Amino acid sequence: MGGFYVKLVFVTSVPEDVGTVGALRAVAHHLTANDILVVSGDLVSDVPPGAVAALHRRHDAVVTAMLCSVPVSGPSESGSSGGKDKTKKAVVHNIVGLDPTKEFLLYIATAAEVEKDYKIQKSILRAVGQMDIRTDLMDAYMYAFKRSALQEVLDQKENFRSLRQDVLPYLVRSQLRSEVLSNGTPQAEENGSEKVGSHKNKALLSRILSNSSTTSFHDLHAYGTNESIPVRKTHKCCVYIPASSKYCARLYSIQAYSDINRDVIGEASHLSGYSFSAQNNIIHPSAQLGSKSTVGPHCMLGEGSQMGDKCSVKRSVIGRHCRIGSNVKIANSVVMDHVTIGDGCSIQGSVICSNVQLQERAVLRDCQVGAGFVVTAACEYKGEALARKEK
């Protein structure tokens, strides 16, 4: 039976402080296809990348960004780490302007730009005619780019560092700079300020752009009905918005990591690859539970893990080959692989990395414990980040 092979090239010499644009510059000589797909390594989603690529190619766009509905319990882009925040505040991820078909991205202001009161320039609204303003969409950091257009930006905008904060807004803004040619001289709209010279040209451009309210922004005519003044058709920036049934989240923070783990053993259980029991949890066949120990709904006990008597696990994920003593309580937490937890420990709202050892009667509340750390017996920590000191 035949198959196909994918050639993978890993580039490890990219400095950490160059941003996503700098990383693309470092690998640009490897990019040879007409269209390329850029995906963040911290995206957790069941959306097929091919769906984004198909929309991108159908519209011959310079960029297509995947924007997802903000999950109710999901991560915030602020990156704040979590256990201390008991109530989740509403976070404005972006202000996004879409055309009536919801396939073209007409305007975007990133979260870093958004203030309490945000004003959209009249020139933008005049240009697009009709625009659906959304504040409930999260940039999933999956982009399809026309390689030639991206390369042009990389070459010309040396100060750009971020795809999300620099490149995407730049491409969206530049599509609105429709050039009306008068006497052979282009007069462009720059930075939202109208620079179209004559009243006649303004009226013609307004009539052409008004077509966006009936079909889509990019269904523009090259000429007016009775005019001979050409209008250069803009490039296209598209948006792919998955169905609400699709899962999409970003690992911005420790809190996000905990949220996504709970989602994967909850409403997004199809991502886990496991079958749930009648008790709506996952207990690996090789795992062992002591007498009177309980593993509640939306919990996972991984391969080879052992739990002593009278333990309680609620809304938590426990990894592989963990050793858990008796009378241990674990709630709203993630315990990674090869963790040892002594008798009488209590863990709540915490993330415990691999190879950690908790000695007897240790208490953790809203903590993050780095790999290999030893929590001494009977110690109590709240809201702490614990890690081994580097030698």
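The values are calculated or read from the model by the stated rules, or taken from the named source; none is laboratory data. Remember, predicted model here, so these are calculated numbers, not experimental data. When we count neighbours, we look across all protein chains shown, and the Cβ atoms used for this are built from the backbone with ideal geometry, even at glycine. Side chains included, ligands, DNA and RNA excluded: accessible areas come from the protein's heavy atoms. Shrake-Rupley method; radii C 1.70, N 1.55, O 1.52, S 1.80 Å.
When each of A90, A33, A23 is tested for being within 21 Å of the chain's Cα centre (by Cα) and modelled with pLDDT of 80 or more, the lone residue that passes is A23.
To keep it simple, each residue is scored yes or no on (1) under 27 Å from the mean Cα position of the chain (by Cα); (2) in a loop (DSSP other than H, G, I, E, B); (3) crowded, with 17+ Cβ neighbours inside 10 Å.
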{"residue": "Q255", "(1), (2), (3)": "yes, no, yes"}
{"residue": "N261", "(1), (2), (3)": "yes, no, yes"}
{"residue": "G273", "(1), (2), (3)": "yes, yes, no"}
{"residue": "S277", "(1), (2), (3)": "no, yes, no"}
{"residue": "E303", "(1), (2), (3)": "no, yes, no"}
{"residue": "R320", "(1), (2), (3)": "no, yes, yes"}
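Counting residues that are of a type in the set (D, E, K, R) and open to solvent by 40 Å² or more (accessible area, probe 1.4 Å), which strands (runs of 3 or more DSSP E) fully inside the range 329-391 reach at least 1? Reasoning before the result, please.
Values: elements: 329-331, 346-348, 363-365, 380-382.
In the range 329-391, 329-331, 363-365, 380-382 are the strands (runs of 3 or more DSSP E) which contain 1 or more residues that are of a type in the set (D, E, K, R) and open to solvent by 40 Å² or more (accessible area, probe 1.4 Å).
Scanning the range 104-142 for residues that are at pLDDT 85 or above and surrounded by fewer than 17 Cβ atoms within 10 Å (Cβ to Cβ) yields D132, I133, T135, D136.
The residue pairs whose first member lies in the range 278-305 and is on the phi < 0 side of the Ramachandran plot and in contact (Cβ under 8 Å) with a residue 12 or more places away in the chain, whose second member is outside any loop (DSSP other than H, G, I, E, B) and among the small types (G, A, S), and whose beta carbons are closer than 7 Å, counting only pairs six or more residues apart or on different chains, are T294/S312.
Out of S193, S162, S174, S148, which single residue is open to solvent by 20 Å² or more (accessible area, probe 1.4 Å), at pLDDT below 90 and assigned by the TED database to the domain that holds A61?
On the way: S193 fails: assigned by the TED database to the domain that holds A61; S162 fails: at pLDDT below 90; S148 fails: at pLDDT below 90.
Criteria check complete, one pass: S174.
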